[in-house]
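See structure below.
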Amino acid sequence: MNKARVTELRERLISAVGDFSGSVEFDVFFSALVDYNPFNSTEDILKWLRDLNRIQFFEVEEIDFSFLQQWHFDELNGDLRHNKGKFFSIRGFQVFDSWTGEVLWDQPIIDQPEVGILGILCKKIDGVLYFLMQAKAEPGNINTYQISPTVQATRSNYTLAHGGKKTIYLEYFNGETPVKVLYYQYQSEQGARFLEKRNRNIIVLDESNTPIKLSPNHKWLTLGQIKSLMEYDNTVNMDSRSVISLIRYWDSRYKIDVPTIFKIINDYLDVIKRSEFWLSTVLQCFETHESESQLSEIRNALNWKRYFCYLGRKTIPLKDLRDWSIGTRIIQHKDEKFFQILAVRINANNREVESWDQPIMRQRHHGQIGLVCTRNEGVYRFLVQMKIEPGLYDLVEFAPSVQSIVENYAPENRPKYLDLFLGQHCVYKAKQSEEGGRFYRECNINMIRYIPDFKEVDTNNHIWISLAGLKEMVQTQQMLNIELRSLLAYF
């Protein structure tokens, strides 16, 4: 890619947007447009990941529960716990109708009450904003190493409960080193698997003139490179996608001449790697927003859904779960559906500790996660649902149009709108891994499909929101679930 062309593009955009060019939003917008990186090309990053899989030792072995060295089944309730009471536990969980008291189902659930850090450090180098990303191996990752945030650590890890090495770059996210906070929200994780689990999603900017020394597993990437890497299966991990979803490129304080920006971009399509769909939807946000009253209506719709959600939940002893069996090597449903709990032993030479054991959850089938986009009165809008998940702190969050594991449904109960994605052309489609520290080789097919003039909608549970509206909603904690944030990271 021609460096001179990229520099020329940046200069022309700066001259066209006026005072906006001095904003963080402009910096992230330009970083998202291009993949040019004099430090590491996108091809270099892919090779780096492949080489790490070859060079750095990381082995995962399934073992019996009795072989877990730091974990035990509690004598009183059968819960699977760490001996120090840290990290997480596998507990029994019961869901019931809070009006009638009828038990709807039992299941195991991951109880990890501590809040972890998912943090990305940014720095402007030669006028371009770069993101410090980590190649991190997790026991559940399909391809071991994936692009992760600068810091991805549970509280137990960064407080050294494991007795291992210090989390590198932690000082940028715990107040030790002065930084400018760009985005910061507590966000939920999988509401069907975790009990009220949240993590700090944070992006900070180092404005100092001091170079940052890179570890062997960290490299600078443009935001555009991260988005290009999301086009590859199981390459950018769930935590990175969650944090990146917070980013937006516009600021209502500035008036932007969008047709002029379009014209400039069209002159540089040789160095801009974003799709026509991406450019159209993102640039529209510079001039088209939901009004505050519209946003209020959307928030109220979710709050009413939460109010009228009569779903009760409580923890119960793991040993008392109905319809689940606890074997020597696996915990699973009697019909062999849903998911399983197993035990693994990990040996590695690149983590805070070189060897550890842990329980991990395995989903039996790939999930289907799809987001429908249409153009209504000239505005791109996305179809989201208000989805009930019993492990969520507030029970209901906005979710993609479709979020399901098809094999768990009877044919007559297939999720609404699922057929819109099966075998259809999508503007975005990739297999994306779930959090590899807790989920074993689990991935979901992430899809965005654009259907012009699509009007059918289940008004009781689905709602249309523009990209600007979604980006506004994600600035509030626990409004968009992890699956929707994963898709929102595409933009």
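Each reported figure results from applying straightforward, stated rules to the coordinates on display, with no laboratory input. On a predicted model such as this, the values are computed, not experimentally measured, just so you know. Ideal geometry is used to build each Cβ from the backbone, glycine not excepted, and the neighbour counts take in all protein chains shown.
At-a-glance table
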| item | result |
| --- | --- |
| Dipole magnitude of the chain, debye to nearest 20 (Cβ charges: Lys/Arg +1, Asp/Glu -1, about Cα centre) | 500 debye |
| Three-way shape call for the chain based on the alpha-carbon gyration tensor, with the a/c threshold at 1.5 | oblate |
| For the range 127-282, with +1 on Lys and Arg beta carbons and -1 on Asp and Glu, the positive-most of ILE147, TRP250, TYR184 along the dipole | TYR184 |
| Extension reserve of the PHE57-ARG364 stretch, reckoned as 0.36 nm per residue once the Cα distance is removed | 107.8 nm |
| Separation of alpha-carbon centers, the range 300-373 and the range 92-116, rounded to whole Å | 12 Å |
| Whether the range 1-69 is rounded, prolate or oblate, judged on the alpha carbon gyration tensor where a/c under 1.5 counts as rounded | oblate |
| Gyration tensor (alpha-carbon) shape descriptor, the range 137-241, a/c threshold 1.5 | rounded |
| Size of charge dipole - the range 450-491 - debye, nearest 20, with Cβ of Lys, Arg +1 and Asp, Glu -1, no other charges | 160 debye |
| For the range 332-398, size of Cβ-based charge dipole, Lys and Arg +1, Asp and Glu -1, in debye | 280 debye |
| 0 to 90° range, to nearest 10: angle between helix 3-17 axis and the chain longest Cα axis | 80 degrees |
| For the range 57-189: relative contact order, % (alpha-carbon pairs under 8 angstrom, 6 or more apart) | 15 percent |
| Added length on full extension, which subtracts the Cα-Cα distance from 0.36 nm per residue, ASN408 to ALA16 | 135.9 nm |
| Separation of the TYR184 and LYS165 label points, Cα + 7 Å toward Cβ, nm | 2.8 nm |
| CYS309 versus LYS431: modelled label distance in nm, points set 7 Å from Cα along the beta carbon direction | 3.1 nm |
| Listed residues LEU383, TYR428, VAL6: farthest to the positive end of the dipole of the chain (Cβ charges) | VAL6 |
| In Hz, Karplus ³J(HN,Hα) per residue of the range 58-68 (6.51, -1.76, 1.60; θ = phi - 60°; x = Gly, Pro) | 8, 10, 10, 10, 6, 9, 6, 4, 5, 8, 4 |
| Using alpha-carbon coordinates, inclination of helix 24-33 to the longest axis of the chain, degrees | 90 degrees |
